[in-house]
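Everything below concerns the one structure shown next.
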Amino acid sequence: MKTSDLINALVEDQAVNEPLFGPTLVVWLAMGLAVSVAIFAAFLGVRADIANAIIDPHVQFKFIFAASLFVPLLALTVYGLWPERELVPMLRWLALPMVVLVSGMAFQLLTSPSDYWVSGMVGRYPSACLRSIPALAIGPLLAILAMLRNGAPAQPVVSGAIAGAGSGGLAAFIYALHCPDDSALFVALWYSLAIGIVSVIGGLLGRYWLKW
C-alpha cells in the first residue's frame, strides 16, 4: 500500500471515530489530573496564605500564564490527531502564552524596585519548581499520549512535545497553588524551564510511542 493510500485510509477511519475523541479526551485527562492531584496532596499542598495571596496580581499571573499555555496546546494536541494536519504551522498559537509572559514580566519590572529583580528571578525554591512541575505533569502527559495513540499523528515527536508542554502548563497551574515564589521573573525562568523539560520528555516518548 502506498503511503498516500494509508493516510487516506486513516483519515477515513478517524472521520468515523472523530466524535469519540471528546469523551475520550475528558476521561484520559480526568485520570491524569487525578494522578497530579494525588501527588500534589501527598507531597506539596496548598500554601498557607493562599486566601490572601490570590488577590495579588503577581500571584494571579502564575495561573493566567499556565492556563494560556495549557488551553491552546491541548487544542493543538487534539488537532494533531489526524494525519493530514500539519502541526508546525499551528505553533503560531504559542504567541499567546509568550505575550502573556512578556506582559507579566513587564508588569513585574514596573511594579517592583530594581534591587528585587535578580532576587525575584532566582527565587527561594527554584529546585522545588524544577522537580515539582515535571512530577505533576507525569499523569496528564501519559494520559494525553495514551489518547494520541488512538489517533494517527503524522508528526509523533512534535505531537509528543506539544503534549508535554501542555501537560507542563497544567502542572504549573496546580503547582502555583503551592509555590511561594510570586515574581513573574521567577515564572519566566523556572516555570518555563520546568515546562521545557516536560516538553522534551514528551517529544522523546512521542518518537517511540506514537509511531505508526
Exercise. Looking at (1) crowded, with 19+ Cβ neighbours inside 10 Å; (2) more than 22 Å from PRO57 (Cα to Cα), which is the one condition that is false for ILE197?
Worked result: (1)
Exercise. Within the stretch 39-64, which residues are farther than 16 Å from ALA128 by Cα, without any contact (Cβ under 8 Å) to a residue 60 or more places away in the chain and small (Gly, Ala, Ser)?
Worked result: ALA48, ALA51
Problem set entry | Considering residues of the stretch 142-194 that are of a type in the set (Val, Ile, Thr) and closer than 17 Å to LEU130 by Cβ only, the residue surrounded by the fewest Cβ atoms within 10 Å (Cβ to Cβ) | ILE174
Exercise. Can you name the residue in the stretch 80-115 that is at pLDDT below 95 and among the aromatic types (Phe, Trp, Tyr) and is also farthest from LEU25 (Cα to Cα) among such residues?
Worked result: TRP93
Exercise. Can you tell which of LEU142, LEU170 is closer than 17 Å to PRO97 by Cα, among the hydrophobic types (A, V, I, L, M, F, W, C) and under 17 Å from the mean Cα position of the chain (by Cα)?
Worked result: LEU170
For this session: Among the residues of the stretch 110-142, write down those that are more than 22 Å from LEU44 (Cα to Cα), touching a residue at least 60 places away in the same chain (Cβ under 8 Å) and assigned to a helix (DSSP H, G or I).
Result: TYR116, TRP117
For this session: For residues that are out of contact with any Lys or Arg (no Cβ under 9 Å at 6 or more places or on another chain) and not in a helix (DSSP H, G or I), tally how many sit in the stretch 174-211.
Result: 2
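The values are calculated or read from the model by the stated rules, or taken from the named source; none is laboratory data. Predicted model only: the values in this text are computed from it and were never measured. Backbone-built Cβ (ideal geometry, glycine too); neighbour counts: all protein chains shown.
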